[in-house]
Amino acid sequence: MSHHHDHHGCREYEGLARRDFLTMLGGVGVAAFVPTWLPQVVLAQSANTSRDVIVSIFLSGGCDGLSLVVPFGDPDYYTGRPNIAIARPDAAGTGPKVTALDNFFGFSPGMAPLYPAYQAGNLLVAHATGSVNNSRSHFDAQRYMEVGKPADVTINGGWLGRHLAMTPPAKADAPLRALSYTSGMPVTLSGAPKALPIPNPAGFTIGGSGTTQAARTAFLANNFGIAPDPVQSNALDTARTISLLQSINFNGYQPTNGAVYPGGGFSNALRSTAAMIKADVGLEAAHIFFGGWDTHSTQGPIPGVDGQYMHNLMLQLSQSLAAFHADIIQGNTSTNVTLVVISEFGRNARENGDKGTDHGRGNIAFAMGQKIAGGKVLINTWPGLARENLESGQDLRVTLDHRDILAEIVQNRLGNTNLGAIFPGFTPRFRGVTKA
């Protein structure tokens, strides 16, 4: 799901991308039991089938939230970005302009396909949000967000993995409760029971010759089926997951409500997720990385200017999310789904000498769903882009901890009140992200 980006990104990001650092936790693994590190919490006695499926999206590389959602009401946005700022909605001429969300913020042209979801009240935009830790290392910042606690190298598991480990399955016999579209288990889902990294669900099987695939799958189930747990449970769940996914017609899936997925890895992951949700197989969480946002040079957020690299990237993001909204969330046929989008950090408020932006702090986040209080831009005061208001003289300040957004969704949409265990050491404040 990473986006190759060889000449825009920094050395750390390119190095991480080449190593596919998401695989560091190891290959296929299914945690069949509650892990020993899990704090003592109160588990629900029965499945709550009304809770939402969560689709978690991480924009890796540190996306420039000031280009996705433009603060056109802040004149210092234009002062600091003479070459890459996007014109106000009321600017003269016929060139590319912001689509106003209110009288201060607006979507850049690359994000405009999401405007119908915003107008429908299903899309919440949060700004000046992010981690309270000020690391500008891709690796550290992402890890802190994935584990749900900044600057703690001792913590195990991810925030979404802990949530799933504390809740009974939505379907008691479901072999697959969560998946990530990666070749290794990401930190976010680490510790989740019945979770697998599956880069392509349509082609998920055991390796080797196709002519002996069925026999080898049966061998796996038969031989490990008598092994002690957790080996037995892992083997049987993996075999059942292969059968389950092979029963879903991913390639022939027909979206509803006129939804058109634009193609590409990120879009295909959302389309496959939609197919699994509609197949009602017991999936509770899907995690997707969408990379390529490390834009140190020739950022190109404006269509037709400087190669429009980031404009094209934003189009992939917005068109894919818009299709998922039309297919899964909008209208009377909607499914209980909440989708969230975050990134490890934002970027400098001011452009650099290469018409790009360097690692920064405050950023955007999105939440989408029928029970999301959308149609608004959520801020906890706008810190401003005047130099004297910037963190370290260069960055949009974080005034809204992203865990406030996640925690409210976990409690109100995923039905889990164990927030102190999911986000250790953090007391969230609900901000009106969800609605009854």
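Would you check if there is a residue in segment 127-137 being part of a helix (DSSP H, G or I), touching a Ser or Thr at 6+ places or on another chain (Cβ under 9 Å) and of a type outside the set (A, V, I, L, M, F, W, C)? Scanning segment 127-137 turns up no residue that is part of a helix (DSSP H, G or I), touching a Ser or Thr at 6+ places or on another chain (Cβ under 9 Å) and of a type outside the set (A, V, I, L, M, F, W, C). For segment 266-284, the set of residues classified as of a type outside the set (D, E, K, R), open to solvent by 40 Å² or more (accessible area, probe 1.4 Å) and either in contact with a Phe, Trp or Tyr (Cβ under 8 Å, 6 or more places away or on another chain) or free of Cβ contacts under 8 Å to residues at least 24 places away in the same chain (or both) consists of N268 only. When I364, I372 are checked against the criterion of being open to solvent by less than 20 Å² (accessible area, probe 1.4 Å), β-branched (V, I, T) and touching a His at 6+ places or on another chain (Cβ under 7 Å), I364 stands alone in meeting it. Take the conditions (1) over 16 Å from L283 (Cα atoms); (2) of a type outside the set (V, I, T); (3) out of contact with any Lys or Arg (no Cβ under 7 Å at 6 or more places or on another chain); (4) open to solvent by 20 Å² or more (accessible area, probe 1.4 Å); G184 misses just one of them, which is (4). In segment 413-427, the count of residues that are closer than 26 Å to L101 by Cα and surrounded by fewer than 22 Cβ atoms within 10 Å (Cβ to Cβ) is zero.
Of the candidates A436, A407, the single residue that is buried (at least 19 other Cβ atoms within 10 Å of the Cβ), among the hydrophobic types (A, V, I, L, M, F, W, C) and within 16 Å of T338 (Cα to Cα) is A407. In a loop (DSSP other than H, G, I, E, B), without any contact (Cβ under 8 Å) to a residue 24 or more places away in the chain and open to solvent by 40 Å² or more (accessible area, probe 1.4 Å): is that true of G393 in this structure? Considered against the rule, which asks whether it is in a loop (DSSP other than H, G, I, E, B), without any contact (Cβ under 8 Å) to a residue 24 or more places away in the chain and open to solvent by 40 Å² or more (accessible area, probe 1.4 Å), G393 comes out as no.
Of all residues in segment 151-171, how many are without any contact (Cβ under 8 Å) to a residue 60 or more places away in the chain and surrounded by fewer than 20 Cβ atoms within 10 Å (Cβ to Cβ)? Total satisfying the criteria: 3. Does A227 qualify as being farther than 20 Å from R271 by Cβ and surrounded by 18 or more Cβ atoms within 10 Å (Cβ to Cβ)? When the stated conditions are applied, A227 does not pass them. Scanning segment 296-307 for any residue that is within 22 Å of V132 (Cα to Cα), of a type in the set (G, A, S) and outside any helix (DSSP H, G or I) turns up nothing. Scanning segment 140-183 for residues that are among the aromatic types (F, W, Y) and touching a helix residue (DSSP H, G or I) at 6+ places or on another chain (Cβ under 9 Å) gives W159, Y181.
Residues that are open to solvent by less than 60 Å² (accessible area, probe 1.4 Å) and either at pLDDT 95 or above or not β-branched (V, I, T) (or both) were ranked within segment 237-247; the one that is farthest from the chain's Cα centre (by Cα) is A239. Considering only residues in segment 75-103 that are charged (D, E, K, R), within 28 Å of the chain's Cα centre (by Cα) and part of a loop (DSSP other than H, G, I, E, B), the one that is nearest to G369 (Cα to Cα) turns out to be D102. For segment 71-118, taking the residues that are more than 26 Å from Q394 (Cβ to Cβ) and of a type in the set (V, I, T), the one that is surrounded by the most Cβ atoms within 10 Å (Cβ to Cβ) is identified as T99.
The values are calculated or read from the model by the stated rules, or taken from the named source; none is laboratory data. In this text the structure is predicted, and so the values were computed from the model without any measurement. Neighbour counts run over all protein chains shown; Cβ positions are idealised from the backbone, glycine included. Please note that ligands, DNA and RNA were not included when accessible areas were found on the heavy atoms of the full protein model with its side chains. Shrake-Rupley method; radii C 1.70, N 1.55, O 1.52, S 1.80 Å.
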